[in-house]
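Report on the following structure.
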Amino acid sequence: MTRHELYIDDFSFEAGGRLPQVKVVYHTSEAKDGPVVWICHALTANSDPEDWWPEMVGPGKFFDTEKQRIVCVNMLASPYGSSSPASLDPSTGRPFFFDFPAVTVRDMVATMRAVRLALGIKKIDLLVGSSIGGFQAVEWAITEPDVFVNAAFIATAPRVSPWLSATMETQRMALEADPSFRAAESLAGGALGLRCARAQALVTYRCFEGYGLTQAEPDDDTLFASRAASYERYQGEKLVRRNFDAYCYHYLCNAVDSHNAGRGRGGVAAALGRIQANVLVASIDTDGIFLPSEIETWAPYIPGAVYKRLNSHFGHDGFLLETAQLIHILTPLLCKS
């Protein structure tokens, strides 16, 4: 897929604040014809789904970059190209850090709408969003209901739950516990806190079964368990090495807390009732963030929505790993495109 940049002048943020210009990075496939597939990425991913969803996206894959017009936008506050706290403030020549305006899910959707218009796309045949990408997809399907033919909301919700909000706060607390974070002297600030925040997050992304399968101690006589602990440290370090900074992470955690598709629309049920697309809603049986019982409650508010449950040993991350099941449930939507 090919990287592009779009500059939006005089951008107003939902929570207040305005920038004379924001940059939006996005990727598109080379295919100019075929169905339009719009993929919304999750918290720490980027706008190139071939990078983070390689089993699903690419030449000859289910989302075929040679036959489908695939678009993915890097969300605001991400360190992977779009405007964020890591961007240089032209008035100071330093990163914005905490002077960047607070970002909401609706701000992210506003940038996607701008990209759609810039590309001249009038109809999107399939909108796909999982996790926080699902937040964006749900919000956008409500905001512009006549644009979408089909949509898939996977392991997500129309409003942030108290449980998810609590996990976001524990991760922010990890960042705040690193004195270099508030010092904001460089983008390396808060790196130790970010390692801890990522490790905390990973526990919620996976589940008991998955850790038992992949991180069990190989020696029955082990005195102190260390394999899972080592894995947690590795994952924290891995995110830092990906050039993810603590300031973008903090802003993205705050953006998660902004998600409420029913805000100003008479509540979640009324908002979901506006959706016109043919919708698939999917949960994961071991997901500890978006429980099937929660998803089963709100899915019926979407007119005509079809509900499916995936089986996985890997919790919430099953939306990235259960390729065969994903293809099975998404095929009917792609065939309608």
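The values are calculated or read from the model by the stated rules, or taken from the named source; none is laboratory data. Computed from a prediction, not measured in an experiment: that's the story for all the values here. With ideal geometry, Cβ positions are generated from the backbone for all residues, glycine too; neighbour counts draw on all protein chains shown. Calculation scope for accessible area: heavy atoms of the full protein, side chains included, ligands and nucleic acids excluded. Shrake-Rupley method; radii C 1.70, N 1.55, O 1.52, S 1.80 Å.
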Name the strands (runs of 3 or more DSSP E) wholly within region 1-109 that hold at least 3 residues that are surrounded by fewer than 18 Cβ atoms within 10 Å (Cβ to Cβ)? 2-12, 18-28
Determine which member of the set Ala277, Ala269, Ala225 is open to solvent by 50 Å² or more (accessible area, probe 1.4 Å) and among the hydrophobic types (A, V, I, L, M, F, W, C). Ala225
Would you please name the residue that is modelled with the lowest pLDDT, looking only at residues in region 172-212 that are within 24 Å of Ala155 (Cβ to Cβ), of a type in the set (Gly, Ala, Ser) and crowded, with 16+ Cβ neighbours inside 10 Å? Gly210
Only residues that are free of Cβ contacts under 8 Å to residues at least 40 places away in the same chain and under 21 Å from the mean Cα position of the chain (by Cα): list them for region 174-189, please. Ala174
By residue number, the members of region 254-311 that are in a helix (DSSP H, G or I), over 20 Å from the mean Cα position of the chain (by Cα) and not β-branched (Val, Ile, Thr) are Ala269, Ala270, Ala271, Ser293, Glu296, Pro300, Tyr301
For residues that are touching a helix residue (DSSP H, G or I) at 6+ places or on another chain (Cβ under 9 Å), open to solvent by less than 50 Å² (accessible area, probe 1.4 Å) and under 21 Å from Leu127 (Cβ atoms), tally how many sit in region 307-333. 5
Got a number for residues in region 178-196 being touching an Asp or Glu at 6+ places or on another chain (Cβ under 9 Å) and of a type in the set (A, V, I, L, M, F, W, C)? 6
